[in-house]
Amino acid sequence: MKLIKKRNCPECRSEMRPKLINLHYKKEDSDLQVEVIGIPANVCVQCFYRIIPGKVAKYIDTLVDPFYESQKHIHEKVLPTPHIDIQFPPLEKTAYSY
Ligand SMILES: [Zn+2]
């Protein structure tokens with residue numbers, strides 16, 4: 001089963017291509033920033049609209065949410081809020097392309 005299916009951009013109808021992208025998480029009520037590196041996604045060649053497969057998005061939420069949750073339990077700031085990088089090992093192109 002391929003992670004990413006061939007489809008056209010829902011925004012501009014152009015062709016989409018499978019690519020590895022990075023996502024930057026930032027929430028209004030927190031200083032915590034999380035960078036997720038190497039996510040397979042469908043990216044529009046024209047307008048760069050990105051679609052992350054549902055299962056992948058869900059998995060990333062599962063990884064990132066506990067970091068934000070942990071901040072709620074910190075009542076004394078011993079150190080400044082960190083920036084967290086989550087890096088996936090480089091995926092073989094065949095693992096996510098069509
Ligand atoms: Zn587009």
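The values are calculated or read from the model by the stated rules, or taken from the named source; none is laboratory data. Everything numeric in this text was worked out from a predicted model, so none of it was measured. No Cβ is skipped: glycine too gets one built from the backbone with ideal geometry, and neighbour counts run over all protein chains shown. Protein only, heavy atoms only, side chains kept; ligands, DNA and RNA dropped before computing areas. Shrake-Rupley method; radii C 1.70, N 1.55, O 1.52, S 1.80 Å.
The table below gives the values:
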read-out: Single unsatisfied condition, Met1 versus (1) over 14 Å from Ile86 (Cα atoms); (2) at pLDDT 95 or above; value: (2)
read-out: The lone exception for Ile39 - which of (1) of a type in the set (A, V, I, L, M); (2) more than 23 Å from Pro10 (Cα to Cα); (3) touching a helix residue (DSSP H, G or I) at 6+ places or on another chain (Cβ under 7 Å) it fails; value: (2)
read-out: Strands (runs of 3 or more DSSP E) fully within the stretch 1-93 counting 1 or more residues that are more than 16 Å from the ligand (Cβ to nearest atom) and open to solvent by 70 Å² or more (accessible area, probe 1.4 Å); value: 16-26, 83-87
